[in-house]
Amino acid sequence: MSLENPDAESRWTGRHNARAAALQALYECEIGGLTPQQALGVLHHAGPPDVTDPGESEHAFVIALVKGAIANRVALDERIGDAAKNWRVERMAVLDRLVMQLAVEEMMSHRESPPRVVISEAIELARSYSGEEAAKFVNGVLDGVFRKLKDEGLVAE
């Protein structure tokens, strides 16, 4: 990140925090049984635990990621399952699956996000919340998803 452009640095930091907040919201939906609106409300009013607030400018991004990942869950899981050879999606660790759902959703729906950045961020989330083995697994699966999306013309390098 460039020190010459502090706005760019704060934007990418905000995006990193937004991805972590979106993961927290998805986890609340999955494990806590909250609706997306409830989970997003908790994040907005109380702030997510252990996640830095991404800032007002990134709240729309968090909402779009969460709603998109939930609305497109079946299609996202299908892509993840196709890339995860010998792994059934329903048998994957919850956090790993949610991280990958967010990443694939972002690659497909937020084309302004460079896919390599999205994958790198997903790897860091997996490493932070699940550990090094999870990071390697997420990396391998998302690389496969990315290659297929690229072959289909749905993402650019």
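The values are calculated or read from the model by the stated rules, or taken from the named source; none is laboratory data. Computed from a predicted structure; not experimentally measured. Every residue, glycine among them, receives a Cβ derived from its backbone with ideal geometry; neighbour counts consider all protein chains shown.
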Q.
Exactly one condition in (1) under 24 Å from Asn17 (Cβ atoms); (2) touching an Asp or Glu at 6+ places or on another chain (Cβ under 8 Å); (3) surrounded by 14 or more Cβ atoms within 10 Å (Cβ to Cβ) is false for Gly144; which is it?
A. (1)
Q | Residue that is nearest to Glu78 (Cα to Cα), among those in region 118-152 that are of a type in the set (Gly, Ala, Ser) and not in a helix (DSSP H, G or I) | A | Ser130
Q) Are any residues in region 92-103 touching a residue at least 60 places away in the same chain (Cβ under 8 Å) and either closer than 17 Å to Asp143 by Cα or within 12 Å of the chain's Cα centre (by Cα) (or both), and if so, which ones? A) Leu95, Leu98, Val99, Gln101, Leu102
Q) Looking at region 74-91, which of its residues are part of a loop (DSSP other than H, G, I, E, B) and either under 13 Å from the mean Cα position of the chain (by Cα) or buried (at least 21 other Cβ atoms within 10 Å of the Cβ) (or both)? A) Ala84
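Would it be correct to say that Ala103 is out of contact with any Ser or Thr (no Cβ under 9 Å at 6 or more places or on another chain) and over 17 Å from Ala75 (Cα atoms)?
No, not satisfied.
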Q: Being touching a residue at least 40 places away in the same chain (Cβ under 8 Å) and of a type in the set (A, V, I, L, M) is the filter here, so list the residues in region 125-155 that pass it.
A: Leu125, Ala134, Val138, Val141, Leu142, Val145, Leu149, Leu154, Val155
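If only one of Glu121, Glu105 is under 19 Å from Leu23 (Cα atoms) and touching a His at 6+ places or on another chain (Cβ under 7 Å), which one is it?
Numbers: Glu105 fails: touching a His at 6+ places or on another chain (Cβ under 7 Å).
Matching residue, one of Glu121, Glu105: Glu121.
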(Q) Please determine whether any residue of region 94-107 is buried (at least 18 other Cβ atoms within 10 Å of the Cβ), in the same structural domain as Phe146 (by TED's automatic domain parsing) and either modelled with pLDDT under 95 or in a loop (DSSP other than H, G, I, E, B) (or both). (A) no
Q. Looking at region 52-59, is at least one residue at pLDDT below 80, part of a loop (DSSP other than H, G, I, E, B), under 29 Å from Leu154 (Cβ atoms) and within 17 Å of the chain's Cα centre (by Cα)?
A. yes
